[in-house]
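These notes are about the structure you will find just below.
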Amino acid sequence: MKKLALKIDVDTWRGTREGVPRLMEALKRHDAGATFLFSLGPDHTGRAIKRVFRPGFLSKVSRTSVVEHYGIRTLLYGTVLPGPDIGRREAALLRGVRDAGFEVGIHCWDHIKWQDYVAGKDAAWTRAEMHKAARRFREIFGEEARTHGAAGWQINDAALAYQQELGMRYASDGRGSHPFQPLDAAGRPLGVPQLPTTLPTLDELIGLDGLSNDNVHERLLQLTEAETATGHVYTLHAELEGMRLMEVFERLLAGWKRQGYQLVSCADLFDSQDLAKLPSGRVVMGEIPGRSGTLALQA
């Protein structure tokens, strides 16, 4: 049966406490699996204001109604308001996600700090941030994290290498077309296998080419009509699909089931791959339509 993995990035405190429970209910209604990746430290969403100077950022914000999706209070955390510690406040909720049968993993410690700086940081800085997230994950769940999905699809080679040291089985840190084994600059295997996100996200599509909340699901379903040998990974956000875009997400779930997809966690998709035949390649930074700045891409 062809598989489509649902990867859920949880960026904020509000997304954790409001979006995550709603997504769990929707997934159960559709008999769907998923992987929840949590931000485990402080919510400093307000510090993203500096991105206003990035090319394309303002146009993306105007298309996707950031204030509506995130809320005024969230957009003040880390500036006017102190950033709440998500993992400390919501430990019981996070354990409940795992206990409900969903895969859980690490998104980051501090979402804004990681997304804005990791691409240019050294190994010491990178390992320190990942260590904080891994330690908090262990405190909450009583076990080591087995997967990682980088905030904002931002990564560097030090992070890829450290995932293997942390005992992870695989990661989903970038965008691409099929699972692969990352390589370092010398062509040697680096870290754990990657399951890149293969489909565009809602916020990359809405507002472009006549796409709206009412019809954006049709574009995504067009992209999944043709079967692929290695399946798909769709990244959604607790702050979007888990809240104001829930109806869009449910239309997608129903459409994918009509297309014959089994909706699974990233771990289930990973376990279905033939690792002996996994291709290799570099992770590089580049641009994609609908998103400002650069992000990690499968070369």
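Below, the figures for the structure above:
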| item | result |
| --- | --- |
| Longest to shortest principal axis, alpha-carbon extents of the chain, angstrom | 45, 45, 41 |
| Space enclosed by the convex hull of the alpha-carbon atoms of the range 235-281, per residue, Å³ | 108 Å³ |
| Within the chain, percent of DSSP bridges classed antiparallel, to nearest 5 | 20 percent |
| Karplus-derived 3J(HN,Hα), 6.51/-1.76/1.60, for each residue of the range 279-285, Hz, glycine and proline x | x, 10, x, 7, 9, 10, 9 |
| P(r) histogram, all alpha-carbon pairs of the range 204-299 included - 10 Å bins from 0, percent | 12, 37, 39, 12, 0 |
| Average accessible area per residue (Å²) across the chain - probe 1.4 Å, nucleic acids and ligands excluded | 42 Å² |
| Computed [θ] at 222 nm, deg cm²/dmol, the chain (DSSP H ≥ 4; -39,500 (n - 2.57); rounded to nearest 500) | -9500 deg cm²/dmol |
| Of Ala226, Ala171, Ala159, the one that fluctuates the most in a GNM where the chain has Cα springs shorter than 10 Å | Ala226 |
| Accessible carbon and sulfur surface of the chain relative to its total accessible area, %, 1.4 Å | 51 percent |
| Along the chain, longest interval not containing exposed GluC sites (Glu not before Pro), exposed being DSSP loop plus at most 14 other Cβ atoms within 10 Å | 1-142 |
| Stretch gain in nm, segment Leu76-Gln164, where the contour uses 0.36 nm per residue and the Cα spacing is subtracted | 28.1 nm |
| Pairs beyond 29 Å (Cα-Cα), from Lys2/Lys277; Lys2/Lys28; Lys2/Lys113 | Lys2/Lys113 |
| Top of Pro21, Pro179, Pro289 by mean-square fluctuation, Gaussian network on the chain, Cα under 10 Å | Pro289 |
| Near-label residues of the range 254-283 by backbone N, under 16 Å of a point 7 Å along Cα→Cβ of Asp31 | 254-265 |
| Descending semi-axes in Å of the range 116-237, equivalent ellipsoid built from Cα gyration tensor | 30, 17, 15 |
| Distant-in-sequence amide H partners of Met285 (H built 1.01 Å from N, under 5 Å) | Leu297 |
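The values are calculated or read from the model by the stated rules, or taken from the named source; none is laboratory data. Everything numeric here is computed off the predicted structure, so don't read it as measured data. No Cβ is skipped: glycine too gets one built from the backbone with ideal geometry, and neighbour counts run over all protein chains shown. Ligands, DNA and RNA are excluded from the accessible area calculation, which covers all protein heavy atoms including side chains. Shrake-Rupley method; radii C 1.70, N 1.55, O 1.52, S 1.80 Å.
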